[in-house]
Structure formats: structure tokens, C-alpha cells
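Below is one structure; the comments refer to it alone.
Every number in this text was worked out from the coordinates using simple rules, so none of it is lab data. The shown structure was predicted, so the numbers you read here are calculated from the model rather than taken from an experiment. Because the Cβ atoms are built from the backbone with ideal geometry, glycine has one as well, and the counts that use them run over all protein chains shown.
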Amino acid sequence: MSTTTTNIDEVKTTPWAGGRSPFSVEYGKMMMWFFLLSDAFTFSSLLISYGALRFSSSAWPAPDIVFKAFPYVSENAPLVFVGLMTFILIMSSVTMVLAVEAGHRNAKKEVVWWMIGTIIGGLMFLGCQALEWTHLHSEGFWWGSVPDIHKLFEFFADPKPSAAVATTYGHQFANLFFTITGFHGFHVFSGVIINIIITINVLKGTYEKRGSYLMVEKVGLYWHFVDLVWVFVFTFFYLV
Amino acid sequence: MSSEPTTHTEHAEEHEGMNKKRIWNVFYVLLGITCVEFVIALYLVPHGIITYHTANPIYVVLTLAKAFYIVGYFMHLKFEKTGLIFAIIVPVLFIIGLILVLTNESHHWIDLRM
């Protein structure tokens with residue numbers, strides 16, 4: 001009888017016994033994960049809609065023709081510019097994870113330098129995207145508008161579709177392209193702003209006083225997610 | 001009860017596991033996969049060595065591999081508690097469901113549009 005009572009009264013310490021996070025991550029970090037999960041749903045909806053519309057179309061602007069320009073350098077270098085953008089974003093993901101790694105060692109100076117590297121990478125990416133948007137816009141693509149029909153035919157691979165088909169799917173392509181890369185670019189932009197705020201906090205010594213650079217880790221999660229989305233955008237807009 | 005100290009040391013080891021060398025290794029993997037994708041898109045498909053019907057599934061597999069490396073290593077999910085890994089990965093099944101539904105649906109749309 002007495003043994004039963006002691007068993008009940010005994011304080012449980014297993015991960016799911018309550019009193020602490022069974023996931024053993026801090027609250028804010030877990031919420032960042034769940035926010036990213038919801039964001040993944042939003043991006044998936046956009047990308048899957050794009051996929052469904054493209055699969056059900058009889059013709060579609062060919063990526064290696066639409067994206068063949070490298071601004072200021074060459075008019076015929078298919079996918080090279082977007083390759084550069086991909087490289088920049090992966091590179092800034094590496095500097096971000098290096099900032100997190102430096103944070104684990106409480107190396108304030110290193111965190112600052114890697115964060116600045118990440119911010120520069122983000123700004124370079126946004127610059128590239130601005131150039132690409134300008135280029136496509138100058139050719140006549142925008143939300144709800146496509147180039148005149150002779151120019152538009154250039155963007156379709158042989159055999160050329162009818163004018164009606166080219167106009168319809170040209171419009172779908174333009175709308176989806178600007179919406180999805182725009183939504184992603186907006187995420188990159190917010191990421192840069194958040195990174196700047198965190199870098200200022202690191203410089204002010206906020207996290208040094210707090211004793212942990214967990215905030216750097218949290219914005220790192222967001223930044224890697226932006227990189228992750230780009231990996232998918234890159235595949236489904238530029239390669240497929 | 002004895003699990004408490006071991007998990008803590010494990011966690012510490014895992015943090016050290018994601019050192020600079022490992023970070024760069026993941027970077028080279030990501031760069032390598034991207035280069036393979038470029039070779040397929042710019043050389044193999046235009047020269048007719050493989051068709052885009054073969055290339056597209058390869059792109060998807062390579063993209064998922066990149067996603068695994070980014071989420072697993074850069075976002076550190078591979079080293080988190082199993083509970084958290086499942087909490088994040090399992091809802092993604094809904095996305096897969098939507099992909100299957102809309103892929104199937106789009107095959108009907110193309111018939112309607114003809």
C-alpha cells in the first residue's frame with residue numbers, strides 16, 4: 001500500500017510528463033517553426049496552382065528563352081543569371097549558419113561579421129531580382145500584360161501555338177511569375193530588415209547580456225526557409 | 001530519470017557536430033546538386049541526350065535532396081527531438097495530398113480546354 005502511494009507521489013521527469021517543453025526547444029523557436037510551416041503552406045498553394053495551370057496548358061513560354069538574358073553582360077546566356085542568384089542565396093544561407101555557429105561560441109564579433117555578410121547577400125539577391133523584373137517588364141511582361149503577339153511568339157518553343165493560345169498562357173505565365181517571385185522577394189526583403197534589426201541588437205550587446213544568441217538562431221531559421229523556397233521556385237520556374 | 005543528463009550531453013555534442021567544416025560540406029553538396037541541374041538543363045536536354053520527360057522527375061528528386069540538406073542541417077531539424085521533427089514533417093503530407101489532387105485535376109482541365 002505504502003509503495004503505491006510513493007509511486008504516485010514521485011515526480012515524473014520524462015519528456016512528456018509536463019512542466020517543460022517535450023520538444024526541448026525554446027518557445028519562440030518552436031513558434032518560428034510553426035510560422036514557417038504555415039508559410040510553407042502558402043508557398044505550396046501558389047506553386048501547386050502554378051503547376052496545375054502549367055500542366056493543363058497546351059503551350060507555355062519556354063524558360064530557356066524567357067530567361068536567357070544576363071543584364072549588362074549578354075543577351076544570350078540562358079539561366080546563367082538565375083544561377084548566379086541561386087548561388088548568392090545559398091551563399092548567404094551559409095554565412096547565416098556560420099553566424100549561428102559563432103553565436104554558440106558567444107563570439108560577438110564573428111556573429112556581427114557573418115550577419116553583415118548575410119545582409120549583403122540578401123541585398124545582392126534583391127538587386128538581381130530587380131534587374132530581372134525590369135528586363136521582363138521592358139519586354140512587355142507584367143501583371144495582366146504580355147508583349148505584342150510577334151514578340152510573344154519568340155518566347156514559345158517550336159512548333160508555335162496559335163495567337164489565342166500564346167496570349168492566354170503568356171498571361172498566366174506573367175501573372176504567376178510576378179506573383180510568386182514577388183511574394184518570395186518580399187520575404188527576402190523582410191528577412192533583410194529583420195537581419196539588420198538583429199545585427200543592431202548584437203552590436204548593442206543585447207544577446208551578450210542575455211547570455212545566448214538564440215534570436216540569431218530564430219532569424220536564421222527564417223532566412224534558411226527563404227532560401228529553401230527559392231530552391232523550389234528555381235526548379236519549377238526556370239528548369240522544368 | 002537517467003535519460004535527462006544523457007540527452008543534455010547528446011544535445012551538446014550535436015551542436016558541436018554542426019561545426020564549420022560540416023557547414024561547408026553541406027554547402028558543397030548544395031552547390032554540386034545545383035551544378036548537376038544546370039548540366040541537365042543546359043547540356044543533356046538541348047542535345048537530346050535525355051528528354052524533358054526524364055529530366056523533370058530528376059529535377060524534383062534533386063530539389064527534394066537540396067530541401068533535405070537545408071532543413072536537416074542548416075535549419076538543424078535533423079538534430080532536434082523526434083517529436084519536433086514529426087510535428088514539422090507530418091503536416092507536409094497535406095501539401096503532398098494537394099499536389100496529387102491538383103495534378104490529377106489538371107489532366108482533366110487539359111481535356112476540357114481542347
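Calculate how steeply helix A:27-55 sits against the longest principal axis of the alpha-carbon atoms of chain A, using the helix alpha-carbon long axis, and give the answer as 0 to 90 degrees to the nearest 10.
Approximately 20 degrees, to the nearest ten.
Residue by residue through the range B:95-102, which ³J(HN,Hα) values in whole Hz follow from phi under the Karplus form 6.51 cos²θ - 1.76 cosθ + 1.60 (θ = phi - 60°), with glycine and proline marked x?
Values, residue by residue: 5, 4, x, 5, 4, 4, 5, 6 Hz.
Convex hull volume of the Cα atoms in the range A:24-93, per residue, in Å³? Intermediate results must be reported in sequence, preceding the final value.
Working: hull volume 8.6 nm³, N = 70.
Looking at the range A:24-93, the number lands at 123 Å³ per residue.
Testing the spin-label approximation: label points 7 Å from Cα along Cα→Cβ at A:ILE196 and A:LYS108. State their distance in nm.
Those two pseudo-labels are separated by 2.3 nm.
Treating the angle as unsigned and between 0 and 90°, give the value, to the nearest 10°, between the Cα long axis of helix A:80-104 and the longest Cα principal axis of chain A.
The angle comes out near 10 degrees.
Quick one: helix A:163-204 against the long Cα principal axis of chain A, what's the angle to the nearest 10°, folded into 0 to 90?
Helix A:163-204 sits at roughly 30 degrees to that axis.
Consider a paramagnetic label point 7 Å from the Cα of B:GLU105 along Cα→Cβ; state which residues of the range A:12-49 have an amide N under 13 Å from it.
From the range A:12-49, the list is A:45-49.
Classify the range B:57-109 as rounded, prolate or oblate, taking a ≥ b ≥ c as the square roots of the eigenvalues of its Cα gyration tensor: rounded when a/c is under 1.5, otherwise prolate if a/b is larger than b/c and oblate if not. Don't skip to the answer; put the middle values down first.
Details: a/c = 5.04, a/b = 1.75, b/c = 2.88.
Note, shape of the range B:57-109 comes out oblate.
Please report Rg (one decimal) and Dmax (integer) in Å for the Cα set of the protein assembly as shown.
When restricted to Cα atoms, the protein assembly as shown yields Rg and Dmax of 23.6, 92 Å.
Can you work out the FRET efficiency for the pair A:ILE120 and A:PHE55, with r the C-beta to C-beta distance and R0 = 56 Å, to the nearest 0.05? Mind dumping the intermediate values first?
On the way: r = 38 Å, r/R0 = 0.68.
Calculated transfer efficiency: 0.90.
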